[in-house]
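Notes follow once the structure below has been shown.
The values are calculated or read from the model by the stated rules, or taken from the named source; none is laboratory data. In this text the structure is predicted, and so the values were computed from the model without any measurement. Positions of Cβ are backbone-derived with ideal geometry, glycine not excepted, and every protein chain shown enters the neighbour counts.
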Amino acid sequence: MTVLSVPVALDDRPLPRRLGLVTLATDHTTEVDFAALPAHGVGVYATRIPFANPVTPETLAAMAKDVTAAAALILPEEDLDAVVYSCTSASVVIGDQAVRDAIRLGKPSAEPITPISAGFAALRALGADRITLLTPYTPRTTQPMAECFEAGGFALQGVSCLNLTDDREMARIAHATIIEAARAALAPGSQALFIACTAVRACAIIDRIEDAVGVPVVSANSATLWAAARACGVTGPVAPGQLMRLA
């Protein structure tokens, strides 16, 4: 074995910017949707948080105690530009501010992003305050989310759900079904459609959904991807849809 005497030069970072993802143990979708970012100079570093189905307010609330540790586990003792907590319904049940505070405890220098905070910002950027809300959840899990949007200043023109309880099934909803559900859910007078749940594979087909419903569409993952890209200095589109094309 030869120990080389070649001087080893080290870059400051493997990629210029760093994004952390806190995803559910059962998540099939978030990392796939965020895979476009490394091509834009953003390293995406994920960890998992314990979660057990079914999706209910109780099982969602149980994640609260693990958010800080999950965030801190991502590249320990190294700074991140932002951290995304990838669960829409838990951000509602735990409390959006509480989730972001928990992320800050684990990664103080990172911008904390949730599907709710990003979703609100995305809808406002699109100029939409009259919206339709579509979820894959049961009515019991959907109702707190509807109340959250109303408390955030949005006028809900319609609320629809698919009555599923397992997020692994939510991740398997066919693209054709997502488009048909969006078309069926959109209420008259809506300026935009918000599709909840980071498990739902809507982000990659946002343009097709927009063509079907005729208004801007924001999904949980398109919102967090948009917010995370901006937090990391990426200004161009990183996914389909009208949101991504905003200046």
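Here are the numbers for the structure shown:
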read-out: Among (1) crowded, with 16+ Cβ neighbours inside 10 Å; (2) of a type outside the set (Lys, Arg); (3) more than 21 Å from Thr135 (Cα to Cα) - the single one Ala39 does not satisfy; value: (1)
read-out: Filter result (buried (at least 16 other Cβ atoms within 10 Å of the Cβ) and either small (Gly, Ala, Ser) or outside any strand (DSSP E or B) (or both)) within region 146-157; value: Ala146, Cys148, Phe149, Phe154
read-out: Number of positions in region 103-117 that are in contact with a strand residue (DSSP E or B) (Cβ under 8 Å, 6 or more places away or on another chain) and crowded, with 21+ Cβ neighbours inside 10 Å; value: 8
read-out: Of the criteria (1) surrounded by 17 or more Cβ atoms within 10 Å (Cβ to Cβ); (2) in contact with a Ser or Thr (Cβ under 7 Å, 6 or more places away or on another chain); (3) part of a helix (DSSP H, G or I); (4) not β-branched (Val, Ile, Thr), which one Arg168 fails; value: (1)
read-out: Meets criteria (of a type outside the set (Lys, Arg), assigned by TED's automatic domain parsing to the domain that holds Val83, surrounded by 20 or more Cβ atoms within 10 Å (Cβ to Cβ) and under 19 Å from the mean Cα position of the chain (by Cα)) for Cys232; value: yes
read-out: Where a residue in region 222-234 is of a type in the set (Val, Ile, Thr) and its partner, wherever it lies, is assigned to a helix (DSSP H, G or I) and buried (at least 24 other Cβ atoms within 10 Å of the Cβ), with Cβ under 7 Å and at least six apart; value: Thr224/Pro115; Thr224/Ala118
read-out: Residue check for Ala239: touching a Cys at 6+ places or on another chain (Cβ under 6 Å) and outside any helix (DSSP H, G or I); value: yes
